[in-house]
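Please read the structure below before turning to the comments.
The values are calculated or read from the model by the stated rules, or taken from the named source; none is laboratory data. Not measured: the values here are computed from a predicted model. FYI the Cβ positions are ideal-geometry reconstructions off the backbone, even for glycines, and counts take in every protein chain you see. Heavy atoms of the whole protein, side chains included, go into the accessibility calculation; ligands, DNA and RNA do not. Shrake-Rupley method; radii C 1.70, N 1.55, O 1.52, S 1.80 Å.
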Amino acid sequence: MWGGRFAEGPAAIMREINASIPFDKALWRQDIAASKAHVAMLGACGIVSDADALAIEAGLDKVAAEYEAEGVPEDWDLEDIHMTTESRLAELIGPVAGRLHTARSRNDQVATDFRLWVRDAMDQADAGLLELQKALVTRGGEHAASIMPGFTHLQAAQPVTLGHHLMAYYEMIRRDRSRFHDARKRMNECPLGSAALAGTGFAIDREMTAQALGFDKPTVNSLDAVSDRDFALDYLQAAAQCALHLSRLAEELILWASQPFSFVRLPDSLSTGSSIMPQKKNPDAAELVRGHAGRIVGCLTALTVTMKGLPLAYSKDMQDDKPPVFEAASLLGLSIAAMTGMIAEATFRTERMREAAELGYATATDLADWLVREAGLPFREAHHVTGAAVKLAESRGVALDKLSLVELQGIDGRIGEGVFKALSVESSVAARASHGGTAPAEVQKRVAEARKALGMAS
């Protein structure tokens, strides 16, 4: 490729640092699709003959069949997937293959291929997250009334339901999907036809190629089109946020599966044992999801730093745009699948969860609320009275609802017999019936709304 300009071939170190075929061969399907769209447009516009366009298209189909069957060969002298495909096409159909590159550059070619790949990655992430949402909604509906402790600072705070807890992750994943949807819409413009940086002198039809490749429209500035990697950064930002949510869920399952919690038994298929301790059942899949989040955030950081100081238009630094995206997409796909399997197959130990919910005086706020609602105390005074009741119960080693009425009235005479109806964990969660609250009826309502939004049977 360099022969017309350089007297000597590249040095070995240049050959190695310059070649991207080891990783950009992943773009071969997108490269074939974009090349077929491009040559069809060249033929329709009369820039190449119909016969040559058909010969190139047939040749590209043969190359694609070879790649599908045998994989993409790695010849570092050909540098990348684009030259690898063009070289093989020439071997199959002869010099006419050289017409394929009319009115395009590798700059707009790689920008188009990479957009197509990232668009596919967004669609794959969205499909995986949909299945995770379905798993969360299904289990959330099963456990709409299953009581567990809600935590702040990892300390028991107030009773909640397991269904409410699981549906919190449904909401996180809903936002993750919206980020991928927004990014996909924003990136769906076709760079093909921008050529190296300034457009082309050939009378091409960019609307035709954009439509053929499923883009909404062609890009409107050739300089921006070949040097833009916002779409890759958008993908990585959405992937990183999603990975953080998956990591939070993984961390909770890790804690819940530990003996001190014993809230859940994870499926054997997503756990491992110990090489020395036969009793162990380790939540390795969840731990790896937690670890993958850091790597995905690292991928975002890597590309962000690569792009931060590049002048227009294309620079070779941008060859390093693909490895972090490819790595993040692989890790994210595994993480989504692992978490979906864990949620779908986990055995939740609801009796143990309910026992834990009764510890730590989790219904203290309910006592304070009762004092405000029934006895007319200002909340700050009710808070003080409740604190005294907790101190007494703690000294006695009993739960709040095990204190006698006499003992409670010794703290404040305005406390009446009806207070005990507010102090059970069942009463506590049932009382939280405000919109978005943990009351079983509210959880079931949100589950029904989510099932409808996801197209699940009611």
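Worth pointing out:
- Descending semi-axes in Å of the range 72-151, equivalent ellipsoid built from Cα gyration tensor: 51, 12, 11
- In this label model, Ala90 and Leu359 are separated by 7.3 nm, measuring between points 7 Å along each Cα→Cβ vector.
- Cross-link pairs beyond the 20 Å C-alpha cut-off, checked among Lys134/Lys322; Lys36/Lys217; Lys25/Lys316; Lys25/Lys62; Lys25/Lys322: Lys134/Lys322
- One entry in (1) 1.07; (2) 1.13; (3) 1.35 is Cα Rg over 2.2 N^0.38 Å calculated from the shown coordinates; its label is (3).
- Using C-alpha pairs under 8 Å with a sequence gap of at least 6, the mean separation divided by the residue count of the chain gives a relative contact order of 17 percent.
- Three semi-axes describe the equivalent ellipsoid of the range 107-355; taken as square roots of 5 times the Cα gyration tensor eigenvalues and ordered largest first, they are 44, 18, 14 Å.
- Long-range Cα-Cα pairs in the range 176-247 (distance over 19 Å), rounded percent: 43 percent
- Legend: residues Cys242, Cys45, sorted from most to least accessible area (1.4 Å probe; ligands, DNA and RNA excluded), read Cys45, Cys242.
- Gyration tensor verdict on the range 147-290 (Cα atoms; rounded if a/c is under 1.5, prolate if a/b is larger than b/c, oblate otherwise): prolate
- Val137 accessible area, assembled protein chains, probe 1.4 Å, Å²: 0 Å²
- Net charge over other residues, Cβ less than 13 angstrom from the Cβ of Leu371 (K, R count +1; D, E count -1): -2
- Simple spin-label estimate for Arg186 and Glu251 in nanometres, 7 Å along Cα-Cβ: 2.6 nm
- Mean residue ellipticity, 222 nm, helices only, the chain: the sum of -39500 (n - 2.57) across DSSP H runs of n ≥ 4, divided by residue count and rounded to 500, is -20000 deg cm²/dmol.
- Evaluated over the range 286-438, the Cα radius of gyration and Dmax, each in Å: 26.7, 81
- Free of any chymotrypsin sites (Phe, Trp or Tyr not before Pro) that DSSP assigns to a loop and that have at most 12 other C-beta atoms within 10 Å, the longest stretch within the chain is 7-458.
- Dividing the convex hull volume of the alpha-carbon atoms in the range 12-102 by its residue count gives 86 Å³ per residue.
- For the range 281-387, trypsin sites (Lys or Arg not before Pro) meeting the loop criterion (DSSP other than H, G, I, E, B) and having at most 12 other Cβ atoms within 10 Å: Lys308.
- For the range 357-451, alpha-carbon Rg over 2.2 N^0.38 Å: 1.18
- Remark: the range 107-355 carries 43 Å² of accessible area per residue (probe radius 1.4 Å; ligands, DNA and RNA excluded).
- Net length available on complete extension from Gln155 to Asp77 is 22.0 nm, with 0.36 nm assigned per residue and the Cα-Cα distance removed.
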